[in-house]
Amino acid sequence: MARYRGAVCRICRRENIKLFLKGDRCYSDKCAFDRRGYAPGEHGQRRRGKPSDYGIQLREKQKVKNTYGLSEKQFTLFFEKAERQKGITGTNLLVLLERRLDNVVYRLGFTHSRTQGRHFVRHNHFMVNGKRVNIPSYLVSVGDTIEVKEKSRTLSAITDSLDAVVRRGLPQWLAIEKEKFKGEIKSFPIREDLTLPMQEQLIVELYSK
């Protein structure tokens, strides 16, 4: 299945939770989820019946998949990788998703959203350990440094996003030097670092069927 390219605000409304897919707009009074907090479509305001167990599991998987902006195939590959690792599969999955470079540049405050992060990574605006990396799915490791290329440090999108990082907060597993446009991976995230409500066990149950 191809990546969704429609109005992303519809995703938040469908999942009935704000996923912050549009950056600063999600914090403003223009947020579509705040203005129309019901499912999209002609029958969005109609009362719905109780969802099945499968429906609940599917919606949780779709919520996490859409939060990180992955296609169905990409998400499945990440789940299979998490399943092969030692530990709790659901937690492994979330940690792998957090380690994606497009997510890390967003968490560091270099971009307003993961979508913008993916776009900027592909256009060679970032370096990892001094080397250019343009693969959004690149998995960072502990000790890695991520910095904005010298020529890209004047981009208003990056400077404005850095100014707004205080609003989102910086995860404890990351460190940033704003004046140098550089961030570092201090450790891998733990489950408590992921504040967005996610029930990863439901995803494991879905794929176990």
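The values are calculated or read from the model by the stated rules, or taken from the named source; none is laboratory data. Everything numeric here is computed off the predicted structure, so don't read it as measured data. Quick reminder, even Gly has a Cβ in these numbers, built from the backbone with ideal geometry, and neighbours come from all protein chains shown. What goes into the accessible areas is simple: the full protein's heavy atoms, side chains included, and nothing from ligands, DNA or RNA. Shrake-Rupley method; radii C 1.70, N 1.55, O 1.52, S 1.80 Å.
Observations on the model:
- For segment 188-209, a residue qualifies if it is in a helix (DSSP H, G or I) and either loosely packed, with under 14 Cβ neighbours inside 10 Å or out of contact with any Lys or Arg (no Cβ under 9 Å at 6 or more places or on another chain) (or both), and the qualifying residues are R191, E192, D193, Q201, V204, E205.
- Complete set of residues in segment 76-109 that are modelled with pLDDT of 95 or more and aromatic (F, W, Y): F78, F79
- Test: residue in segment 86-108 that is within 28 Å of A175 (Cβ to Cβ) and among the acidic types (D, E): yes
- Among the residues making up segment 78-137, a single one is among the small types (G, A, S) and touching a Pro at 6+ places or on another chain (Cβ under 8 Å): G117.
- Number of positions in segment 124-179 that are open to solvent by 30 Å² or more (accessible area, probe 1.4 Å) and either β-branched (V, I, T) or on the phi > 0 side of the Ramachandran plot (or both): 12
- Filter pass, I17 being modelled with pLDDT under 85, surrounded by fewer than 19 Cβ atoms within 10 Å (Cβ to Cβ), under 30 Å from W173 (Cβ atoms) and aliphatic (A, V, I, L, M): yes
- Pairs where the first residue, in segment 155-168, is modelled with pLDDT of 85 or more and the second is open to solvent by 60 Å² or more (accessible area, probe 1.4 Å), C-beta under 7 Å, 6+ apart: L162/K178
- Scanning segment 95-141 for residues that are of a type in the set (S, T, N, Q), farther than 13 Å from E184 by Cα and either in contact (Cβ under 8 Å) with a residue 60 or more places away in the chain or assigned to a loop (DSSP other than H, G, I, E, B) (or both) returns T111, S113, T115, Q116, N124, N134, S137.
- Residues being open to solvent by 40 Å² or more (accessible area, probe 1.4 Å) and either of a type in the set (F, W, Y) or within 14 Å of the chain's Cα centre (by Cα) (or both) - total across segment 65-111: 2
- So S156, is it closer than 16 Å to L94 by Cα and of a type in the set (G, A, S): no
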